[in-house]
């Protein structure tokens, strides 16, 4: 098992190129199940999660190849199985989203209930209710969802009781091949939703309204192959921006969609870093000799502040000159990074969904343990700012969502390395 070792206290200076979005890439990979023609994805991140999804698709009969650069080729000419087994699905929650495409194309599926980071309950009820609304029969057997749709899926009106990115994406994919029109109400609005819709439309789907709360999908009989570029990862971009603000220095983020992080930039500026944007990049600057200012934040569905940046934002607030209040509204168990930040010297008190962060002058290096993907990134940022050596264990969480993080930070002057434990 690997660990990340950091000798902290060095400002970051340099350029970081942002990879394709993990949360988008995995769903775009599942799209290949909706057509018997080849799908080429460019700007693909090479991650543990994309490898896991590739393994599941190969099990289903998909030919998966990685090309030069950041290309991936997927071809589901025929499917050899409609069962997604536990050993493959448990590795990553998003792999559950093969259920809808399998139902849409083969009219049947047997998919294990999912796994993933332990950051909250995150039940799949909304996914299953959406499939039932589209005409599927759903049964639960020994930890598996057994679904069938004799005669194919049929368009329906689906109202989500609360915003769910995964359920919105799942319903969009399934409805693309359903008979008639499907309307999604209270749909998620994240950029990854738009990315999925754009790819499906390039394949011949008829989706209108992605990025708004009402999405209309007019089902088609067949989808074709296409070549499609994955949108840049807004969470990776936000993570490096917050790391630069936490540690200090001058970091330029390249291949970034700044409009996808409209809720973050004002808060970083409020904390005391300078943010300069142009069409293709974002520059983060902060004098490491000046203290950060406290900032309150609460996570919300897009376009609000993303829950996937809450841990990284907290690491920055830990060094502010004052008290910050951070409220987590999305997941009920997403403060697991707090005890590890406290090991580095942070002063944090958690009460329910609120964390009161009293800023300290400095972090001190210590051994810590990653508890989930985004928590891992917060410990990286804290370790970069800490005096002395910080070692971060269980970084397999980190490898699920960040491509070559130690290389990208090392190129900006960080003293960071990967070691075997």
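The values are calculated or read from the model by the stated rules, or taken from the named source; none is laboratory data. Just so you know, these numbers come straight off a predicted model, no measurement behind them. With ideal geometry, Cβ positions are generated from the backbone for all residues, glycine too; neighbour counts draw on all protein chains shown.
Per-structure values
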{"item": "Flag for residue 325 being assigned to a helix (DSSP H, G or I), surrounded by fewer than 16 Cβ atoms within 10 Å (Cβ to Cβ) and in the same structural domain as residue 292 (by TED's automatic domain parsing)", "result": "no"}
{"item": "Residue in the range 390-399 that is touching a helix residue (DSSP H, G or I) at 6+ places or on another chain (Cβ under 9 Å), under 21 Å from residue 245 (Cβ atoms) and part of a strand (DSSP E or B) present", "result": "yes"}
{"item": "Among (1) touching a residue at least 24 places away in the same chain (Cβ under 8 Å); (2) surrounded by fewer than 17 Cβ atoms within 10 Å (Cβ to Cβ); (3) outside the structural domain of residue 40 (by TED's automatic domain parsing), the one test that residue 213 misses", "result": "(3)"}
{"item": "Where residue 223 falls short, out of the listed (1) in a loop (DSSP other than H, G, I, E, B); (2) assigned by TED's automatic domain parsing to the domain that holds residue 317; (3) over 20 Å from residue 163 (Cβ atoms)", "result": "(2)"}
{"item": "From 8, 67, residue being out of contact with any helix residue (DSSP H, G or I) (no Cβ under 8 Å at 6 or more places or on another chain) and over 30 Å from residue 154 (Cα atoms)", "result": "67"}
{"item": "The range 1-52, residues that are assigned to a strand (DSSP E or B) and under 13 Å from the mean Cα position of the chain (by Cα)", "result": "20"}
{"item": "Residue satisfying condition, being in the same structural domain as residue 9 (by TED's automatic domain parsing), crowded, with 23+ Cβ neighbours inside 10 Å, under 25 Å from residue 187 (Cβ atoms) and in contact (Cβ under 8 Å) with a residue 24 or more places away in the chain, within set 260, 337", "result": "260"}
{"item": "Qualifying position, being closer than 22 Å to residue 225 by Cα, surrounded by fewer than 23 Cβ atoms within 10 Å (Cβ to Cβ) and in contact with a strand residue (DSSP E or B) (Cβ under 9 Å, 6 or more places away or on another chain), among 69, 61", "result": "69"}
{"item": "Check on residue 360, closer than 24 Å to residue 293 by Cα, modelled with pLDDT of 95 or more and outside any strand (DSSP E or B)", "result": "yes"}
{"item": "Filter result (out of contact with any helix residue (DSSP H, G or I) (no Cβ under 6 Å at 6 or more places or on another chain) and touching a residue at least 60 places away in the same chain (Cβ under 8 Å)) within the range 220-232", "result": "222, 224, 225, 227, 229, 232"}
{"item": "Boolean, residue 69 is free of Cβ contacts under 8 Å to residues at least 40 places away in the same chain and part of a helix (DSSP H, G or I)", "result": "no"}
{"item": "Tally of residues being at pLDDT below 95 and either touching a strand residue (DSSP E or B) at 6+ places or on another chain (Cβ under 6 Å) or buried (at least 22 other Cβ atoms within 10 Å of the Cβ) (or both) across the range 72-87", "result": "1"}
{"item": "Count of residues meeting criterion [closer than 19 Å to residue 373 by Cα and out of contact with any helix residue (DSSP H, G or I) (no Cβ under 7 Å at 6 or more places or on another chain)] in the range 302-317", "result": "3"}
{"item": "Subset tally (residues that are surrounded by 22 or more Cβ atoms within 10 Å (Cβ to Cβ) and over 21 Å from residue 32 (Cα atoms)) for the range 183-201", "result": "4"}
{"item": "Selection status of residue 245, crowded, with 24+ Cβ neighbours inside 10 Å, over 25 Å from residue 376 (Cβ atoms) and in contact (Cβ under 8 Å) with a residue 12 or more places away in the chain", "result": "no"}
{"item": "Among (1) surrounded by 19 or more Cβ atoms within 10 Å (Cβ to Cβ); (2) at negative phi; (3) assigned by TED's automatic domain parsing to the domain that holds residue 194, the one test that residue 43 misses", "result": "(2)"}
{"item": "Residue satisfying condition, being in contact (Cβ under 8 Å) with a residue 40 or more places away in the chain and within 23 Å of residue 370 (Cα to Cα), within set 46, 107", "result": "46"}
{"item": "Unmet criterion (only one of (1) on the phi < 0 side of the Ramachandran plot; (2) in a loop (DSSP other than H, G, I, E, B); (3) crowded, with 16+ Cβ neighbours inside 10 Å) for residue 161", "result": "(3)"}
{"item": "Among (1) touching a strand residue (DSSP E or B) at 6+ places or on another chain (Cβ under 6 Å); (2) surrounded by 15 or more Cβ atoms within 10 Å (Cβ to Cβ); (3) at pLDDT 95 or above - the single one residue 349 does not satisfy", "result": "(2)"}
